[in-house]
Amino acid sequence: MRPERPVLLVALGTALVLVTYVTPMSTVPATAADLGSGSGARAWILSSMSVGLAAGLLASGALGDARGRRRVYVGGLAVMGLGALLCALAPVSAVFVGARVVEGLGGAAVLSCGLAILAHTFTDPVERGRATGVWGASVGLGITVGALLAAGLDVGTGWREGYALTAVLVLALVVPSARGLGESRAAHPRRLDVAGTIALAGGLTLLVAGLTGIRAGLSPLVVALLALAVASLVAFVVVERRVAEPMVELRLLAEPGFLAATVGALGVGLGIIAMTSNVPLVVQLGLGEGVWTATWLILVWSATSVGTSLLVRRVALPLSGSATLGVALVVVGAGQLLGLGLTTGSSAWRLVPALAVAGLATGVLNAGLGREAVAHVPPDRAAMGSGTNNTARYLGAACGITLFSVLVQHAGPGAGAAAVVDGWQVAVVVAAALSWAAAVVVLVAARRGARTH
């Protein structure tokens, strides 16, 4: 097998996950209007695939290690394609949200097992670094193509056609991937951790539901949802500590490199993914611009991240892997704060510097997180390492997107466009603070790692 073939197939699969992930970013106003969705449903439209991703990544990684990474990867493509098709046909918000969760579950298998396939194929550190650099670039490429696809298919309903085309593209990759990827599995496979999977999925769903409900205030229902979410996530930790074969080995968090990669991924989701996912919302509802303006702004961020991911593969960075992640998160937070100062009379292009600076640093993170995710786990647990890292990213995204969306639509005084813009100011500060909080943890872990090594 030619070594570039698995890189190409995995990169295409990863890019398609991100294509479908960002599809509702530009089209959420049209999608919500067509499905009769309120503001709460808008948050679910944006967050639901993240819920499926975060809930399925660890389980699909463990399943890939046990049953075969290529098999689970190909199955994930099929599930994701069917989910996209169901999105295109959805008659109401509930069906659409459910289909997005299905897309996330399929995408989880593609992300966790795809990176593990590359780790198994490329054992030389230099070659693996190049392969994971391409993988990181495919993340930004998928976001770029997805944004263009959503805006370019402004025909018919203006949003269903994008999901239909994505379904065709994903399903078309199933057969080439089944034939072109080598099979691999752990030498000592583990059983699927059913209890841990249920606890994680339940906790994440309850958490997003609680955060979405905050828009109406801290009602008894919201408090109950958040309390149940905390209880479910605590149960997940307890299960992982006690089960003989856990989905994620929590003891690995004592390894500074693994901790830095996990917290770095969480910070990406809570911070910059949350902010960019809501750019179209503020541009269209707050500034009165069209879908193409929102799309070009997303492309500023994604295109710069792609370029940086590719460049990082060829440049020797002066800092260690973990330290680089921490510095990149600091730059992301600084870039986010450049998005402050909007008014209803502002040009949408006022956001270009913020998205460009954050995009440059995001590219470094995408390339570095892919490498660090598998560098600090045993070879037998490569899919688990990838799954843990991506779980952290999309757990952060599910919560961050929901929180940011609620703040944009409800944190500002008054009503209408002015309230959306004022809410944006609050949300940006919160997102930047979350990026910097993650940066502090990562830099402390990097310093500890330097001392122990």
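The values are calculated or read from the model by the stated rules, or taken from the named source; none is laboratory data. Please read these numbers as outputs of a predicted model, since none were measured by experiment. Because the Cβ atoms are built from the backbone with ideal geometry, glycine has one as well, and the counts that use them run over all protein chains shown. Note: areas computed on protein heavy atoms with side chains; ligands, DNA, RNA excluded. Shrake-Rupley method; radii C 1.70, N 1.55, O 1.52, S 1.80 Å.
What does the charge add up to near Arg179, with Lys and Arg as +1, Asp and Glu as -1, over the other residues with Cβ less than 12 Å from its Cβ? Local net charge: +1.
When the P(r) is computed for the stretch 271-364, the part past 17 Å accounts for 49% of the Cα-Cα pairs. Summary of the geometry: the stretch 386-450 and the stretch 220-281, compared by the centres of their Cα atoms, lie 14 Å apart. Which log10 I(q)/I(0) values, to two decimals, does the stretch 157-292 give at q = 0.16, 0.20, 0.21 Å⁻¹ under the Debye formula with one point per Cα? Taken in order of the listed q values, log10 I(q)/I(0) reads -1.23, -1.21, -1.22.
Contour minus end-to-end for Val238 and Arg191, with contour as 0.36 nm per residue of separation and end-to-end as the Cα-Cα distance? Before the final figure, lay out each step's value.
Numbers: separation 47, 0.36 × 47 = 16.92 nm, distance 1.76 nm.
Length gained, Val238 through Arg191: 15.2 nm.
The relative contact order of the stretch 2-129, computed from alpha carbon pairs under 8 Å that lie at least 6 residues apart in sequence, is 34 percent.
As a calculated quantity, the FRET efficiency between Ser347 and Ala224 at R0 = 51 Å, using C-beta atoms, amounts to about 0.70. For the peptides 83-93, 393-403, residues were scored by their other Cβ atoms within 10 Å and the scores averaged per peptide; the highest-first order is 393-403, 83-93. With the convex hull of its Cα atoms as the shape, the stretch 35-83 has an orientation-averaged projected area of 3.9 nm². Taking Cα atoms only, the orientation of helix 416-452 departs from the longest principal axis of the chain by about 20 degrees.
In this simple spin-label model, placing a label point 7 Å from the Cα along the Cα-to-Cβ direction at both Arg447 and Leu171 gives a separation of 5.4 nm. Heavy-atom surface analysis with a 1.4 Å probe gives the chain a carbon and sulfur content of 69 percent of its accessible area.
Accessible surface calculations at 1.4 Å, restricted to protein heavy atoms, place the chain at 36 Å² per residue. Binning the alpha carbon pair distances of the chain at 10 angstrom intervals from zero yields the distribution 5, 23, 35, 27, 9, 1, 0, expressed in whole percent. Against the main long axis of the alpha-carbon atoms of the chain, helix 382-410 sits at an angle near 10°.
For Arg179 and Ala433, FRET efficiency with R0 = 45 Å and r from the beta-carbon atoms, rounded to 0.05? E between Ala433 and Arg179, to the nearest 0.05, is 0.40.
Taking 0.36 nm per residue of sequence separation and subtracting the Cα-Cα distance, how much length would be gained by fully extending the chain between Ala356 and Leu250, in nm to one decimal? Kindly include the intermediate steps, with their values, before the conclusion.
On the way: separation 106, 0.36 × 106 = 38.16 nm, distance 3.56 nm.
Between Ala356 and Leu250, full extension yields 34.6 nm more.
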